[in-house]
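Taking it in order: structure first as C-alpha cells, then the write-up.
The values are calculated or read from the model by the stated rules, or taken from the named source; none is laboratory data. Just so you know, these numbers come straight off a predicted model, no measurement behind them. We place every Cβ from the backbone using ideal geometry, glycine too, and count neighbours over all the protein chains shown. All accessible areas refer to the heavy atoms of the entire protein, side chains included, with ligands and DNA or RNA removed. Shrake-Rupley method; radii C 1.70, N 1.55, O 1.52, S 1.80 Å.
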Amino acid sequence: MKWKLRIPMMLFIFGLVSGIYQYNPNIIIFKESYILNSLQYLASIGIPIYLCEKTGLNEKRVHFSIGIILIILGLLIDYSTM
C-alpha cells in the first residue's frame, strides 16, 4: 500500500521543530515579545513545509510503513528532548 508523504512529513516537521526548540531554547531570537516569539516558531515550521511542497517531496509515494516510521520518529524527537 502506497501513501503520499504529505501528512507524515508535516507531522515529522512538527516534532522536529518542537524538539529543536525544547532542546535549545537559546535559538529564540525575540525573547521579550510573545507575538514575535510565536511568529518565529510558526515560520520555522512553515518554511520547511513550504519547501517540501515546492520541491515536490510531499507528492512522493512511499510504502505505508515508511510514513508510520516518519510519524513515530517525529514523536520520539519531540518527547526525547523534554
Problem - First in the stretch 18-46 and more than 21 Å from SER80 (Cα to Cα), second anywhere and in a helix (DSSP H, G or I), Cβ under 8 Å, 6 or more apart - result: ILE29/LEU36; ILE29/GLN40; PHE30/LEU36; PHE30/ASN37; PHE30/LEU39; PHE30/GLN40; LYS31/ASN37
Problem - Pick from the stretch 1-22, criterion at pLDDT 90 or above and of a type in the set (Phe, Trp, Tyr), ranking: farthest from PHE64 (Cα to Cα) - result: PHE14
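Looking at the stretch 56-82, which of the residues that are farther than 16 Å from PRO8 by Cα and part of a helix (DSSP H, G or I) is least open to solvent (accessible area, probe 1.4 Å)?
First, the residues of the stretch 56-82 that are farther than 16 Å from PRO8 by Cα: 79-82.
Within this subset, residues satisfying the condition of being part of a helix (DSSP H, G or I) are 79-80.
On the way: TYR79: 142, SER80: 90 Å².
Residue satisfying both the conditions and the ranking: SER80.
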Practice task
Say whether the condition of being polar (S, T, N, Q) and touching a helix residue (DSSP H, G or I) at 6+ places or on another chain (Cβ under 7 Å) is met by at least one residue in the stretch 50-58.
Solution key: yes
Practice task
Determine the pairs where a residue that is free of Cβ contacts under 8 Å to residues at least 60 places away in the same chain, located within the stretch 54-75, has a partner that is open to solvent by less than 80 Å² (accessible area, probe 1.4 Å) and of a type in the set (Phe, Trp, Tyr) with Cβ atoms under 7 Å apart, the partner being 6 or more residues away or on another chain.
Solution key: ARG61/TRP3
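Looking at ILE13, ILE29, ILE20, which one is surrounded by fewer than 17 Cβ atoms within 10 Å (Cβ to Cβ), within 23 Å of TYR79 (Cβ to Cβ) and touching a helix residue (DSSP H, G or I) at 6+ places or on another chain (Cβ under 9 Å)? First the steps, then the outcome.
Values: ILE13 fails: surrounded by fewer than 17 Cβ atoms within 10 Å (Cβ to Cβ); ILE29 fails: within 23 Å of TYR79 (Cβ to Cβ).
Only one candidate passes the filter, namely ILE20.
Is at least one residue of the stretch 41-52 outside any helix (DSSP H, G or I), out of contact with any strand residue (DSSP E or B) (no Cβ under 6 Å at 6 or more places or on another chain) and either on the phi > 0 side of the Ramachandran plot or exposed (fewer than 13 other Cβ atoms within 10 Å of the Cβ) (or both)?
As a first pass, look at the stretch 41-52 and keep what is outside any helix (DSSP H, G or I): none.
No, the stretch 41-52 contains no residue that is outside any helix (DSSP H, G or I), out of contact with any strand residue (DSSP E or B) (no Cβ under 6 Å at 6 or more places or on another chain) and either on the phi > 0 side of the Ramachandran plot or exposed (fewer than 13 other Cβ atoms within 10 Å of the Cβ) (or both).
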Exercise for the section: Could you look through the stretch 1-10, keep only residues that are open to solvent by 70 Å² or more (accessible area, probe 1.4 Å) and aliphatic (A, V, I, L, M), and pick out the one that is nearest to ASN58 (Cα to Cα)? Expected result: ILE7
